[in-house]
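None of the figures in this text is laboratory data; all of them are computed from the coordinates on show. Values in this document were obtained by computation on a predicted structure and should not be read as measured data. All Cβ positions, even for glycine, are placed from backbone atoms using ideal geometry, and neighbour counts span all protein chains on display.
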Amino acid sequence: MINWRWAVVLSILVSATCLGAEPNLRKVNVDIQDTGAQKRGFKIYMEYCKGCHSAKFMRYERIATDLSIDPEEMRSQYINDSSSLHDSIRSTAPSDSLSKLFGAAPPDLSLWARYRGEDWLYSYLTGFYFDSERSFSYNNKVLHNVNMPWVLNYQQTHETPKIFGERIRDLTSFMVYMAEPIRSYRESMGQYVLLFLALLLIPVYLLKQSYWREISQ
Ligand code: HEC
């Protein structure tokens, strides 16, 4: 028979796990090597997010190098204010006036993908819905009573869910890249290191065989 003390401990553990779990997040599985997706996401960020959200740890120059964007193309197609290539991404509107307007300050998003995780971001950005009970008539499934305006309302309500999902996947890919620009290099280096260690195993094994042969003689 199960000891009643164990039953209590088990039920506390189960309820603690359930309480800590995120609401049903949608899986996005971004490919960190896919610079095409990151580039498209960067374009969306510049057109729809930069107005309110800075990304002060990210310089245009670095993005141009990592995502293979020609400096001239960067200036003419992406940077839509007076910033130069050496500048970091600054929001267009001052954050204190925005926080008065929306009741919360839009955060700097440089490292947000590391803070929330890619699935959370994807679920948040695809999670806006109409809610007649709120004064602005919309809400969000993962950030309840959200203060951010539903900026991609037109896209979400006019595009097919597949196309809109791909667009948000690109945007999430860019935010994941921005939160750790060195990650794709680090992961590809990791593969070489593992290969090197595997190859090193052969001479080390042969050396061990040779030493033991001498010892056992
Ligand atoms: C008009 C201003 C405005 C624009 C444009 C805007 N946001 Fe926001 N955003 C906000 C505000 C205000 C908040 C704070 C929301 C809150 O705390 O409820 C916010 C919060 C966020 C958060 C943090 C949510 C959290 O608590 O973790 C993320 C992520 C975010 N925005 C992403 C985006 C992305 C991506 C875009 C572009 C598609 C965008 N925002 C465009 C105003 C804006």
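Where in segment 141-199 are there GluC sites (Glu not before Pro) that are in a DSSP coil and have at most 15 other Cβ atoms within 10 angstrom of their Cβ? Within segment 141-199, the qualifying GluC sites (Glu not before Pro) (loop, at most 15 other Cβ atoms within 10 Å) are GLU159. Neighbours of ALA104 by Cβ distance under 15 Å: Lys/Arg scored +1, Asp/Glu scored -1, total 0. Charges were assigned to the Cβ only: +1 to each Lys and Arg, -1 to each Asp and Glu. The resulting dipole of segment 127-217 about its Cα centre is roughly 260 debye. Of the cross-linked pairs LYS50/LYS141; LYS27/LYS100; LYS39/LYS162, those separated by over 28 Å at the C-alpha level are LYS27/LYS100. Our compactness index for segment 38-107, the C-alpha radius of gyration over the empirical 2.2 N^0.38 Å, is 1.14. Starting from segment 125-210, pick out the trypsin sites (Lys or Arg not before Pro) whose DSSP state is loop and whose Cβ has at most 14 other Cβ atoms within 10 Å. Taking segment 125-210 and a limit of 14 other Cβ atoms within 10 Å, the loop trypsin sites (Lys or Arg not before Pro) found are ARG134.
Each of ILE215 and ARG26 was given a label point 7 Å from its Cα along the Cα-to-Cβ line. The distance between the two points is 6.0 nm. Can you give the translational diffusion coefficient of the chain in µm²/s, computed by Stokes-Einstein from the Kirkwood radius over Cα pairs at 4 °C and 1.567 mPa s? For the chosen part, D equals 62 µm²/s.
For segment 89-173, applying the loop criterion from DSSP together with a ceiling of 15 other beta carbons within 10 Å to the chymotrypsin sites (Phe, Trp or Tyr not before Pro) yields PHE136. Comparing LEU171, TYR211, ASN29 along the charge dipole axis of the chain, the residue lying farthest to the positive side is TYR211, per the Cβ-charge model.
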